[in-house]
Amino acid sequence: MTWILVIGFGVLATLWLYQAMRGMDRRVLVRSLRWVVGGVAALLAVAALFLRRFDLALFVGAAAASVLLRGRLGRFSFDSVSGGGGNISKVRSRYLAMELDHDTGALSGRIVDGTFAGWDLLDLGEAETRTLIAEIADDAESINLLESWLDTNRAGWREYFAEQDAGGGGQGAAGHAGGGSADPVAEAYAVLGLKPGADAEAIKAAHRELMKGVHPDRGGSEFLAAKINQARDLLLERMGRD
């Protein structure tokens, strides 16, 4: 009789937990699951140590650390499940399509019309950005969206453009990628962390990856961002001439 009651309470508790989980936000649920799984694994690792099962403690402890610190268990990522795309705002204008991830604050954009139709905004260099600004200047919604994207992903762009227009200290992307370097092309490859001869796709991929790390919100530098953009523009322009 006791076992029947225990099983009955277990079934009721399971049903209650299932109903409660259904009403939870998926991101909150998966985030909670991460700490539950990691916490249980950590307790099991401690128990294994007390039982002198050091091999098991090492294995389970490593799993617990991976879940708690990195949000991953092997190939399974709690972060990728929790993303779910459920907290993303999408805005579209004549020339641009934008997505704002409210969880991370990341703002991504794609050009849907005009000279650069199909381009990701991250692939635009200084020259292309200036061309795009001039092209969409008559569409207030598009120019506002572009300026928002630039403010988020290219902090200091207004000051940088003004300095270039005034003939200030920085040099344009189509000019010289590094002040006084004997070989600006070699320096451009070095800035992007590439070997000489890398193709256009490798250059764009390196540029995209590096720009993620120089965003001011992540402790990046506007100067480094400008150098990375200049290096990418110089190499792509050189390829276009060859």
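Please treat every number below as a calculation from the coordinates, not as lab data. Worth saying up front: this structure is predicted, and the values here are computed from it rather than measured. Backbone-built Cβ (ideal geometry, glycine too); neighbour counts: all protein chains shown.
Quick rundown of the values:
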{"quantity": "Global form of the stretch 85-153, assessed from the alpha-carbon gyration tensor, a/c cut-off 1.5", "calculated": "prolate"}
{"quantity": "Packing-based exposure ordering (other Cβ within 10 Å, fewest first) of Asp55, Asp101", "calculated": "Asp55, Asp101"}
{"quantity": "Anchor Lys195: lysines whose Cα lies under 24 Å away (excluding residues fewer than 8 positions away in-chain)", "calculated": "Lys204, Lys212, Lys227"}
